[in-house]
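Asks: Let me give you the structure first, and then I'll get to my questions.
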Amino acid sequence: MQLSAGQTTRASAFTGQRVGVHAVARPGAAKARRTMPVVEAKRVAVLGAAGGIGQPLSLLLKMNKCVTELALFDVAPLVKGVAADLSHCNTPVQVSAHVGDAELEACLKGCELVVIPAGVPRKPGMTRDDLFNINAGIVMNLVTACAKYCPNAILEIICNPVNSTVPIASEVLKAAGCYDPRKLLGVTTLDVVRANTFVAQAKGLDLKEVDVPVIGGHAGITILPLLSQTVPSVTFSDAERKALTSRIQDAGTEVVEAKAGAGSATLSMAYAAARMAESTLLGMQGEPNMFECAFVQSDVVPGSPFFASRVQLGPEGVAKVNGLGQLNEFEKAAMEAMLPELKAQIEKGIAFAKNPPKKE
């Protein structure tokens, strides 16, 4: 199956200006004129709003015209200050703060979209596997609350390792009897944002016009940019292809090392998550041409129950999971190499959810 056509450059809900970072026309697609949909009341929650990703993400959502209410949650009391700070911004979005598990119900009731950046960040020398036990428990707790208090909401998981935390979330929702695969997405948008940026820089292209699909997962070699499907069409030498793929896969480490122990990729991740949330909200409001790459339940690749590929977003979340298109030999080899690792990470998440460690 070919990647879907029909994507269009559109007006950002952040600024009202036409931008090309969210969606670009695919080859052969007729450019459609989009009309701004009628903005309906949307209550959005950010779980982990006091953290390094949560704070800038909350700011971007406060600026988003698709959002009416923004509910901020964290276990840290700092979230009250974050909400107070944001409430001084002269946008009409209403902001509320919720601290600790006792206030999760008040945060989540009525939410239509929940974004979860909660969790500990990577530090120098730390792999995504090192994050697993702490972040897996956090996701399990928060998704359990979502199942109870907003079972029909779309959930977007940022907390790493996404290759494992999304399967954990699916098992929690299944156990609660409210699992809808259309409404559970792992946010891999940062891989696309990075791929677009690095390719544009390497080839001297207009960044607004560049679109590189990224498939697989959201960790190391499971991140596979399809450089052969770059829009606009460009050619890469073997050395360029290898170097760009490696840089996109290791970009998170690049930031961790550059921050010298003081943090991880928070600002770019917040930007990517805000882009994903905006596309989701527009899809929910009926905008027909919203496409993003996301880690979702999928049968695109046999044997891998979850996989990142381009999806079309609609009123219920994922309206359609697209195929991979034609891969070149480099991409086929990379796909074969990454699948065992991706499947192992998915299975690790499912096993954790089914047999979580006992609380002392």
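Asks: For the stretch 146-166, give me each residue that is crowded, with 19+ Cβ neighbours inside 10 Å and either part of a helix (DSSP H, G or I) or among the small types (Gly, Ala, Ser) (or both).
Replies: Across the stretch 146-166, the qualifying residues are CYS146, ALA147, ALA153, VAL162, ASN163, SER164, THR165, VAL166.
Asks: Okay, next question. Go through the residues of the stretch 103-115 one by one and say whether even a single one is modelled with pLDDT of 95 or more, at positive phi and surrounded by fewer than 24 Cβ atoms within 10 Å (Cβ to Cβ).
Replies: There is at least one residue in the stretch 103-115 that is modelled with pLDDT of 95 or more, at positive phi and surrounded by fewer than 24 Cβ atoms within 10 Å (Cβ to Cβ).
Asks: Does the stretch 74-83 contain at least one residue that is open to solvent by 60 Å² or more (accessible area, probe 1.4 Å), free of Cβ contacts under 8 Å to residues at least 12 places away in the same chain, within 29 Å of ASN133 (Cβ to Cβ) and out of contact with any strand residue (DSSP E or B) (no Cβ under 6 Å at 6 or more places or on another chain)?
Replies: no
Asks: Another question, if that's okay. List the pairs whose first member sits in the stretch 320-331 and is under 11 Å from SER228 (Cα atoms), whose second member is part of a loop (DSSP other than H, G, I, E, B) and open to solvent by 20 Å² or more (accessible area, probe 1.4 Å), and whose Cβ atoms are under 6 Å apart, counting only residues at least 6 apart or on separate chains?
Replies: So the pair list comes out as GLY325/GLN2; GLY325/LEU3.
Asks: May I ask you to say which residue of VAL143, VAL95, VAL99 is open to solvent by 20 Å² or more (accessible area, probe 1.4 Å), touching a Leu at 6+ places or on another chain (Cβ under 8 Å) and without any contact (Cβ under 8 Å) to a residue 40 or more places away in the chain?
Replies: Numbers: VAL143 fails: open to solvent by 20 Å² or more (accessible area, probe 1.4 Å); VAL99 fails: touching a Leu at 6+ places or on another chain (Cβ under 8 Å).
None of the other options fit; the residue is VAL95.
Asks: Moving to a separate point now. For ALA277, all conditions in the list (1) in a helix (DSSP H, G or I); (2) of a type in the set (A, V, I, L, M, F, W, C); (3) farther than 18 Å from VAL199 by Cα; (4) more than 19 Å from the chain's Cα centre (by Cα) hold save one; what is the number of the exception?
Replies: It is condition (4) that ALA277 fails.
Asks: If you don't mind, there's one more thing I want to ask. Where residues in the stretch 84-106 are assigned to a helix (DSSP H, G or I) and of a type outside the set (Asp, Glu), which of them is farthest from ASN135 (Cα to Cα)? Before the answer, list the steps.
Replies: Pass one, the stretch 84-106, residues assigned to a helix (DSSP H, G or I): 84-87, 101-106.
In the following step, the residues that additionally are of a type outside the set (Asp, Glu) were identified as 84, 86-87, 102, 104, 106.
Numbers: ALA84: 27, LEU86: 27, SER87: 29, ALA102: 20, LEU104: 18, ALA106: 23 Å.
Ranking the candidates gives SER87 first.
Asks: Shifting gears a bit: Within the stretch 307-333, which residues are open to solvent by 40 Å² or more (accessible area, probe 1.4 Å), of a type outside the set (Phe, Trp, Tyr) and in a helix (DSSP H, G or I)?
Replies: GLU329, LYS332, ALA333
Asks: Could you say which residue among GLU341, GLU292, GLU336 is charged (D, E, K, R), within 17 Å of VAL214 (Cα to Cα) and part of a strand (DSSP E or B)?
Replies: GLU292
Asks: When you go through ALA32, ALA41 one by one, which is the residue that is over 24 Å from the mean Cα position of the chain (by Cα), at pLDDT below 95 and part of a loop (DSSP other than H, G, I, E, B)? Working first, answer last.
Replies: Values: ALA41 fails: over 24 Å from the mean Cα position of the chain (by Cα).
Among ALA32, ALA41, only ALA32 is over 24 Å from the mean Cα position of the chain (by Cα), at pLDDT below 95 and part of a loop (DSSP other than H, G, I, E, B).
Asks: Looking at (1) under 16 Å from CYS66 (Cα atoms); (2) surrounded by 24 or more Cβ atoms within 10 Å (Cβ to Cβ), find the lone condition where ARG275 falls short.
Replies: Status for ARG275: all satisfied but (2).
Residue-by-condition table, conditions (1) at negative phi; (2) of a type outside the set (A, V, I, L, M, F, W, C); (3) touching a strand residue (DSSP E or B) at 6+ places or on another chain (Cβ under 8 Å):
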{"residue": "ASP206", "(1), (2), (3)": "yes, yes, no"}
{"residue": "VAL210", "(1), (2), (3)": "yes, no, yes"}
{"residue": "GLY216", "(1), (2), (3)": "no, yes, yes"}
{"residue": "ASP238", "(1), (2), (3)": "yes, yes, no"}
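Asks: Please go through the stretch 228-250 and pick out each residue that is closer than 27 Å to GLN312 by Cβ and touching a residue at least 60 places away in the same chain (Cβ under 8 Å).
Replies: Listed by number, the residues that qualify are SER228, GLN229, VAL231, SER233, THR245.
Asks: Would you say VAL301 is among the aliphatic types (A, V, I, L, M) and either open to solvent by 10 Å² or more (accessible area, probe 1.4 Å) or free of Cβ contacts under 8 Å to residues at least 24 places away in the same chain (or both)?
Replies: yes
The values are calculated or read from the model by the stated rules, or taken from the named source; none is laboratory data. Worth saying up front: this structure is predicted, and the values here are computed from it rather than measured. Neighbour counts run over all protein chains shown; Cβ positions are idealised from the backbone, glycine included. Only protein heavy atoms, including side chains, enter the accessible area calculation; ligands, DNA and RNA are left aside. Shrake-Rupley method; radii C 1.70, N 1.55, O 1.52, S 1.80 Å.
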